[in-house]
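Before any comments, here is the structure.
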Amino acid sequence: MKLTRRNVAGLAVMAGLAIASSSFSSRLAAADDTIKIGAPFNVTGAQSSVDSPALNGAKLKAKEINDAGGVLGKKIELVIYDTKTDPTVIASTASQLINQDKVPVALGFTDSDAVLALGTIFQTANVPFVTPGATSPKLPEQVGSQMFLACFGDNVQAAAGAEYVLNKLGGKRVYLLRDNTTEYTTLLARYFKEAYEHGGGKIVLADDYKHGDTSFTAQITKLKAFPTKPDVLYVAAQPDDIGVVVKQMRQAGLMQPIVGGDGYDTPLLLSVGGKAANNVYFSTHAFMAEDSTPGIVKFYQAYKAAYNTPPENAFAALGYDTVGLVADAITRAGTTDSAKIRDALAATQGYKGITGSISYSQGSRVPDKTVSIIGVKDDKLFLAAEVTPTWIAKP
Amino acid sequence: MSRKQRFLIVVVGLALPALFSIWAPALMNDYLVRVVTVMCINALLVISMGLANGFTGVFSLGHVGFVAVGAYVSGVLSLSDANKASYLPDLPVWIAAIHLGFLPSTIVAGLVCVVLAFLVGAPLMRLSGHFVSVATLGFLIIVNVVLVNSDAYTRGARTFTGVPLQTTLPWAMAWLLLAVVTLARIIYSPKGRAWRAVREDTIAAQALGIDVLPTRLSAFVIGSFFAGVGGSLYGHYLGSFSPASFYFAYTFSLISMLVIGGMRSLTGAVVGVIVVSLLSELLRNLERGFDFGIVSVPPLYGGSQIVLGVIFILIMIFRPSGVMGDLELSLGRIAALLHRGRKETNT
C-alpha cells in the first residue's frame, strides 16, 4: 500500500479507533472492589429536563453514601449511561449493563416508555430495576417481578389533583386537554377523569394535541367557542410542551387555573411560560425550596453546593431517594446477589426518603406516598397542599 | 472466473455471515450481539430505502411509515392471547382470533406493506424531485396519526408492549442476506437498468420505451416489502414501541446512514449502516469520560451527537456521493483488485 494522503487519513482513523477501544476495555477491567449500580438516564433528548436532575440527585446520594463508608464495606459505583431518549439505545444499554458491566441492580428513567423499552431485558435476566420517576402504576404488572417504582403512580397523583380541583379550587366544570401521543399523558388524563367524575365534577370538554406541537390555536379556538365556561383547565402534558401550552392559553385570554401532573415539574414551566405560568397548579413528588421540609432543605443546599444550581425539580429528590432505597436494600440483603436484593427491595417497609416514606405493601411494587400540590404565584412556586387522596382509580 | 468459481464464492459469501450469526452468541456477549442485530435490521431497512431513493431517484421520506405499519401489523398478529386480551380488549374478534408465529406474521407484515405501497405509490410516483419527498412525508404523518388514533388496534399513543422478543441475530441476518441477494439480482438486471435510466433522465428513458410510472412504482413497492419485514423484526426486537418510535428521528437516522454510505450502491447502504452504527456506539461509550493515565476526560453527555454531526458534515464535503459513491463490492471488482495487487508485487 502506497502512503497516499487518503491512506494516511485512513490509518489515522484506524489508530484513533484502536486507542479508543483499548481505553474502553481498560475501563472495564478496573474497579472490582465496588458495588455497581446501573444508572441509565435520558440525559439528552426530549426527557433531558427531568432525567438530568434525577441523575444529579442520584450521584449526590451515591457520594454521600460513599463518604459515610459505603455499603457492606464497599463503595458504590453508579454505572451511568446516556440513553438519548431513543428506544434502540435504551435496549442496547440495558443489555450492556447486564452482560458487560454485570450490575446486580439498576435504577433510572422518569418516563414509562423508556422503562418499558428496558424492562423486559432486565426481567429476563432477573436483575431488579427501580425507576425514580416513571409514574405509570401499570409498569410492575407489564414488566414483571423485577420492576419497582420509587414514586407514586399516576392514578394517585391524578386523584390528588382531582380532589384539589374540587375542594380547594372549587372547580365543578373542567376542560381536559391531553397529549394523546405518550403513555404518561394518556394515562394521567384517564385517571384524572375517573377520579374527578367519581368526586362529582363534570368534564365539559375534552381535546387532544400531539407531543411536540408548537401551536395550540385549534384547541383554544374550540374551547373559547364552547358555550359552557369551565372553571379549571386540566392539561396532561409532557415537560417539553407545558411552557408553550400555558403561554398560548394565557395569550388567548384563558385565565382559569391550569392544573396538571408532575410533567409540569420542570424549569421549563417558568422559563418558557414566564408570567403566563401564574395560577398554574400541579401534583408532584416533593416541593423543592429553601423553606420546605428539613430533609428537602438539607438536600437543596447539598445539591446547590455540588451543581451550582438549586434542584430543578422533584425528580432530583426522587433520584436521590432511589439510590438510598437501593443501597438500603443491598445492606439488608447483605450481599450483591440480584435475587436477594430483589427480595430485600420487595420487603422495604418505611424507608425514610426526603420525598416521603417508601413501603411496598401487600406485594405491590408501587409505594404509597403523599402527593405535593405546587402552585405558581408571582412567578414563583409555592407549596399549595399535601394531599393523600381518598379515592384512587384502579391502575 | 468460471461459473463454478463464481457460484462457490457466492455460497461462501452467504455462508460466512450465516455461520457467524449462529455462533456469535458463543463468541461475544449479549450486548455486542444486540448491536450487530440492530445493524442487520437497519441495513435491511436502508438497502430497501435505497431502492427508491438511490436507484430510482424517488427521494421518499415515507419509508419509516411502512416500517411502522410492519411493526404494528406483525405485533398485533403475534401477540399472545393473554396479552391481546389485556392490552387490546377492543380488537375486532376476527383479528383477535388470528395468532401467527414470528415468520408468518413477518411475511404478512411485508405483504400488507406491498398493498399499501401500491395504493400510495400509484398516485405519488407520478411526482418527481422535491414534490415526491414532501408527498411521501405526508404519508409518514398520516401513518402516525392513524396509529395514534386507532386505539382498538394499536393502543393509540400508549406503548404497544408484550410483543414476543423473537428477533435473534440469525433471523435478522437471514432476512438481510435474502434482501441483499434479491435486490442485487434485480438492481443489476434489465429492470434495475430501467430504474437508473429513469433516475438519470425521465425524458430520455421514455424515448427508449421505458414507462416511468410502473418503473418507479415497482421500486417503491419492492422496497416497501422489506420495510414491512424490517418493521416486524424491529418490533420483535424491542418488544415495546409507540408511534413516536417510527417518526422523524428514525427517518433521519436511516437517511443519514443511506447518504453517508452512498445512495447509489447496495454496498454503500450497508457500509453506511456499519459506519454510523459503530461510530455512534463507540462515541456513546466514549462520552462517558475516559482515563488515559496522562489525560483524563470527564463525561460529556451529548458529545457523541456533536462529533457524529461533524463527521457527517466532513463526509458530505469530501465525498458528497457517500463513502462508496456508486461503487459496489462485486466479484469482478475483488478479482480486479487481486489482479492489480499481484501486478504491483511483481513490479
Grab the other residues whose beta carbon is less than 9 angstrom from that of residue A:112, score K and R as +1, D and E as -1, and report the net.
-2
For segment B:300-316 versus segment A:96-110, the gap between their alpha-carbon centres in whole angstrom
27 Å
What is the Cα radius of gyration of segment B:85-143 over 2.2 N^0.38 Å, N being its residue count?
1.56
If you average the alpha carbon positions of segment A:212-273 and of segment B:190-245, how far apart do those two centres end up, in angstrom?
42 Å
Charge context of residue A:143, other residues only, Cβ under 15 angstrom, K/R +1, D/E -1:
0
The computed P(r) of segment A:304-381 puts the percent of Cα pairs beyond 14 Å at 69 percent
Summing +1 for each Lys or Arg and -1 for each Asp or Glu, what net charge is found among the other residues whose Cβ lies under 15 Å from the Cβ of residue B:213?
+3
Which aspartates and glutamates have a Cα less than 15 Å from the Cα of residue A:304, not counting those fewer than 8 places away in the same chain?
A:64, A:290, A:291, A:312
Which order do B:195, A:391 fall in if you start with the one that has the fewest other Cβ atoms within 10 Å?
A:391, B:195
Rounded tilt (10° steps) of A:112-125 against the dominant C-alpha axis of chain A
40 degrees
Beyond 19 Å, what percent of the Cα pairs of segment A:29-119 remain?
39 percent
Rounded if a/c is under 1.5, else prolate if a/b beats b/c, else oblate: with a ≥ b ≥ c from the C-alpha gyration tensor eigenvalues square-rooted, which is segment A:164-232?
oblate
What residues have an amide H closer than 5 Å to that of residue A:71, excluding those fewer than 5 places away on the same chain, when H is modeled at 1.01 Å from N in the peptide plane?
A:76
Restricting to DSSP H runs of at least four residues, report the calculated mean residue ellipticity at 222 nm for chain A, -39500 (n - 2.57) per run over all residues, nearest 500 deg cm²/dmol.
-14500 deg cm²/dmol
In debye, nearest 20, what is the charge dipole magnitude of segment B:38-246 about its Cα centre with +1 on Lys and Arg Cβ and -1 on Asp and Glu Cβ, if you could check?
300 debye
Hypothetical label at residue A:202: residues of segment A:164-181 whose amide nitrogen lies under 14 Å (7 Å Cα-Cβ projection):
A:171-175
Can you give the angle from 0 to 90° between the axis of helix A:48-67 and the longest principal axis of chain A, with both taken from C-alpha atoms, to the nearest 10?
50 degrees
At 222 nm, what value in deg cm²/dmol follows for chain B if DSSP H runs of at least 4 each add -39500 (n - 2.57) and the sum is divided by all its residues, to the nearest 500?
-24000 deg cm²/dmol
From the mean inverse distance of alpha carbon pairs (Kirkwood) and the Cα radius of gyration, derive Rg over Rh for segment B:38-246.
1.01
Pick from B:334, B:186, B:22 the residue whose mean-square fluctuation is largest in a GNM of chain B, springs joining Cα atoms under 10 Å.
B:334
From the P(r) of chain A, could you give the percentage of C-alpha pairs in the tail past 25 Å?
56 percent
By how many degrees, 0 to 90 and rounded to 10, does the Cα axis of helix A:154-167 deviate from the longest principal axis of chain A?
30 degrees
What is segment A:178-282 by shape, rounded, prolate or oblate, if you read a ≥ b ≥ c off the alpha carbon gyration tensor as root eigenvalues and call it rounded for a/c under 1.5, prolate for a/b larger than b/c, and oblate otherwise?
rounded
Direction-averaged shadow area of the convex hull around the Cα atoms of the protein assembly as shown, nm²?
36.3 nm²
Debye sum, Cα scatterers, segment A:55-192, no solvent: what log₁₀ I/I(0) at q = 0.09, 0.19, 0.21 1/Å?
-0.35, -1.11, -1.25
Filtering chain B for DSSP H helices with an axial alpha carbon extent of at least 27 Å and a Kyte-Doolittle mean of at least -1.0 returns B:3-27, B:30-50, B:102-124, B:129-149, B:212-238, B:266-286
Could you give the semi-axes, largest first, of the ellipsoid that matches segment B:11-142, computed as the square roots of 5 times the alpha carbon gyration tensor eigenvalues and rounded to whole Å?
29, 26, 12
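Each reported figure results from applying straightforward, stated rules to the coordinates on display, with no laboratory input. Values in this document were obtained by computation on a predicted structure and should not be read as measured data. Using ideal geometry, Cβ is built from the backbone for each residue, glycine included, and neighbour counts are taken over all protein chains shown.
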